[in-house]
Each structure stands twice: as C-alpha cells, then as structure tokens.
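Comments concern the structure below.
The values are calculated or read from the model by the stated rules, or taken from the named source; none is laboratory data. Everything numeric in this text was worked out from a predicted model, so none of it was measured. Positions of Cβ are backbone-derived with ideal geometry, glycine not excepted, and every protein chain shown enters the neighbour counts.
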Amino acid sequence: MIEIRLAPTLEQFVRKEDLKAKEVSLVERIIRLEEELRALREIERAHFEAIEKRFEAMDKRFEAMQRETNARFEAMDKRFEALQREMNARFEAMNKRFSLLQWFIGIGFSVLALLLTVFRFS
C-alpha cells in the first residue's frame, strides 16, 4: 500500500527534478552561448579595428602618392612654362630679324628704283 501511494509521488518528484535539471542545463547552455557570443563580438571588434588601421595606413600612402604626383606635375608645368618662354623669346628674335630683313629689302628696292630712274632719265 505504501508502494502504491509512494510510486506516483516518487514518479512526480523524479519528473520535477528532471525538469529542473533540464532547466538548469538549458540555463547553463544559454550562459555559455552568451559568453561565446560576447567573446566573438570582442574578436570582431579587434578585427574591425585592425582593418580600420590598415585602411588608415593605405589612406596615408595614397595621400603621400598624391602629393608626390602633384609635385611632379608642378615640376613638369614649370618646365613647360620655361620652354614656352624660351620659344617665345626665339620667335620674337626671328620676328625682329624678319622685320629688319623686310626693311633692308624695301630700302634696297627703293634705292634700285631710284638709281634706275636717275640713270634712265639722265
């Protein structure tokens, strides 16, 4: 008789204890999972910080390359400007020579025309 009354109570007690054990096990698993997620977040943050540092270093390299390229282009611009000034000076000198030559040719033809008229009518 004690067995009959005690069996359902024991069975119910064992079920409750199993449920409690399962709940405790689930809580422990959830806690471990949360800790792992927290650790993964920290690892991701460290990764992102490392990537950000790499991008900053690349930005600095690109900026340095841009400054160097700009300096080279400025030097090329100065060279072209110097060449342009030199060419302008040469063209001005040629223009003076041609102008002088044109005056000499004009004066020469005038003198020839004058001499021809003087000798022909004399």
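Please verify whether Ile2 is surrounded by 10 or more Cβ atoms within 10 Å (Cβ to Cβ), hydrophobic (A, V, I, L, M, F, W, C) and at pLDDT below 95, treating the condition exactly as stated. I'd like the intermediate steps shown before the answer.
On the way: surrounded by 10 or more Cβ atoms within 10 Å (Cβ to Cβ): no; hydrophobic (A, V, I, L, M, F, W, C): yes; at pLDDT below 95: yes.
It is false that Ile2 is surrounded by 10 or more Cβ atoms within 10 Å (Cβ to Cβ), hydrophobic (A, V, I, L, M, F, W, C) and at pLDDT below 95.
For Asp59, the conditions (1) of a type in the set (Asp, Glu); (2) surrounded by 10 or more Cβ atoms within 10 Å (Cβ to Cβ); (3) over 28 Å from the mean Cα position of the chain (by Cα) are fulfilled apart from (3). Taking Phe13 as the residue in question, decide whether it is under 50 Å from the mean Cα position of the chain (by Cα) and assigned to a helix (DSSP H, G or I). No, not satisfied.
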